[in-house]
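Data block below; observations after.
The values are calculated or read from the model by the stated rules, or taken from the named source; none is laboratory data. Here the structure is a predicted model, which is why all the values come from computation and not from measurement. Counting neighbours? That spans all protein chains shown, and the Cβs are built from the backbone with ideal geometry, glycine included.
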Amino acid sequence: MSTIVLSRGIDAIGAGRKFRIYINDELVAKLGRSDRISLEVGAGKHVLRARLDWLRSAPLSVRIEADEVINVEVSAGGRAVSFVGTFLKSESALDLIVKPHV
């Protein structure tokens, strides 16, 4: 099996709240502050999304090979605290970033 490792980045938005993480439109995890979760997935293309109340990330498409590990960090960047990010473009207020494997 392949693995997607989800971790929560450092942010001040919703510090006491949990990000809801979806893979292929299925809720797979809730990430609290400093959480790190490993999820086994099948090889192939997967679409990840994050939500925190009405704030969302843009979809992140990843292609994962058999036995590969992909690290993805979710955080509330600067857009999450701006008027535009919070109210006008809430669908891209959160960040999902593929990080190098260490």
- Message: Looking only at the stretch 85-102, count every residue that is surrounded by fewer than 13 Cβ atoms within 10 Å (Cβ to Cβ) and at pLDDT 55 or above and tell me the total.
- Response: 4
- Residue hits (the stretch 70-84; more than 16 Å from LEU96 (Cα to Cα) and either at pLDDT 90 or above or part of a loop (DSSP other than H, G, I, E, B) (or both)) are SER82
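Residues to consider are ARG33, ARG56; find the one that is buried (at least 18 other Cβ atoms within 10 Å of the Cβ), charged (D, E, K, R) and at pLDDT 85 or above.
ARG56
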- Item | Candidates ILE4, ILE21, ILE10 - the one that is on the phi < 0 side of the Ramachandran plot and surrounded by fewer than 16 Cβ atoms within 10 Å (Cβ to Cβ) | ILE10
- Message: Could you check the stretch 36-52 and list, in sequence order, the residues that are part of a loop (DSSP other than H, G, I, E, B) and surrounded by 13 or more Cβ atoms within 10 Å (Cβ to Cβ)?
- Response: ALA43
